[in-house]
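Data block below; observations after.
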Amino acid sequence: MPMPQSDKIWFNGRLVNWEDAQIHVLSHVVHYGSSVFEGIRCYDTAAGSAVFRLREHIRRLLDSAKIYRMEVPYTEDELCAAVLETIRENRLKACYVRPIVYRGYGALGVIPFECPVETVVAVWEWGQYLGADSLEKGVSVCTSSWNRVAPNTLPFLAKAGGNYLNSQLVKMEALTNGYDEGVVLTTDGLVSEGSGENIFVVRNGTIYTPASSYSILPGITRHTAITLARDLGLRVEQRAIPREFLYIADEIFFTGTAAEITPVTAVDKIVIGTGSRGPVTQRVQEAFFEVINAQVDDRHGWLTFVN
Ligand code: PPE
């Protein structure tokens, strides 16, 4: 499906028309994957459009850039303002926001220092990431035959374009074999995350999720789910999770900006719990939707209103 277009893209500090936001084919990023990016959602809440956890996403973008020695010529405040300006300019009530920083056109060869660091913010309307009804009905996943990047190979704390070559292999394999998504293990064989989501496992009322040392992207929705679950009085543990712990789970769910909170109802064709969204997943989901719809007090300061 072609992506829905919007009007303007923020391109190195200026708003340009969607079709004019172009780069040269010999840009460094095209050849060597030298980009860092974010995915953020803006929600059409009861109190107006609001960006969810904007500052945390921009901070992670700048952290990712720092890991790759990219000097971003904008401050955190300027980038937050750029996101809000781009949403306003496109007059979208709800959208997905994609800031990206990459090494542009200058010189080829691995050495990136002579290429300019460019900064872009694009927004567009993006529906349910794992398919229509997935938030309610859940998804069926496989354990990937690919492993996640190991420590000290590619930095997994950075949300870098290159990391998504691994995600693409995982996702293509899953789709080709008839699953909705793949779960990736670390090179030690422990559960890491989905190709574009973090994973949570519920058993006997406790919620487990791989600790940040298991090659995960430390997701902002993951942090949100942990916080909301604890607010609900649920126990959450971050630890090592063996593959087979997934099979005997009462419930499993994914978290991510695009995927939000999506139940997982089967792993490798083994039915999880009752095979439908479980009660703990539903409680965390409901708490999440209350926050993003501004139906409850924003006690954690997670919403930035666009206007
Ligand atoms: N792990 C990976 C590998 C990942 O890509 C994401 C987000 C997460 C975990 C969850 O992170 P967070 O969004 O901060 O809760 N994936 C983004 C990109 C998806 C895409 O296909 O592009 C997203 O959800 O926006």
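Observations on the structure shown:
- C-alpha long axis of helix 54-67 to longest principal axis of the chain, angle in °: 70
- Distance violations [Cα-Cα > 20 Å] among 8/159; 137/159; 159/269; 137/269: 8/159; 137/159; 159/269
- Viscosity 1.567 mPa s, 4 °C: Kirkwood-radius Stokes-Einstein D of region 1-112 over Cα pairs, µm²/s: 85
- The alpha carbon gyration tensor of region 1-63 gives principal lengths a ≥ b ≥ c with a/c of 1.5 or higher and a/b no greater than b/c, which makes the shape oblate.
- Cα gyration tensor shape for the chain, rounded if a/c is under 1.5, else prolate or oblate: oblate
- Cα centroid separation, region 3-60 to region 214-229: 22 Å.
- For the pair residue 177 and residue 248, a Förster radius of 22 Å applied to the C-beta separation gives a FRET efficiency near 0.45, rounded to the nearest 0.05.
- Between residue 12 and residue 91, the C-beta separation translates, for a Förster distance of 35 Å, into a calculated FRET efficiency of about 0.95.
- Virtual spin-label span in nm between residue 204 and residue 132, 7 Å along Cα→Cβ: 4.2
- Taking amide H as placed 1.01 Å from N in the peptide plane, residue 115 has its amide H under 5 Å from the amide H of 107, each at least 5 places away in sequence or on another chain.
- Full-extension gain in nm, residue 223 to residue 19, via 0.36 nm per residue minus C-alpha separation: 69.9 nm
- ³J(HN,Hα) computed for each position of region 85-96 - Karplus, 6.51 cos²θ - 1.76 cosθ + 1.60, integer Hz, glycine/proline x: 4, 5, 5, 4, 4, 8, 6, 9, 7, 10, 7, 9
Only the coordinates and a few stated rules stand behind these numbers; no lab work does. What you see is a predicted model, and the numbers here were worked out from it, not measured in a lab. Virtual Cβ from ideal backbone geometry, glycine too; neighbours counted across all protein chains shown.
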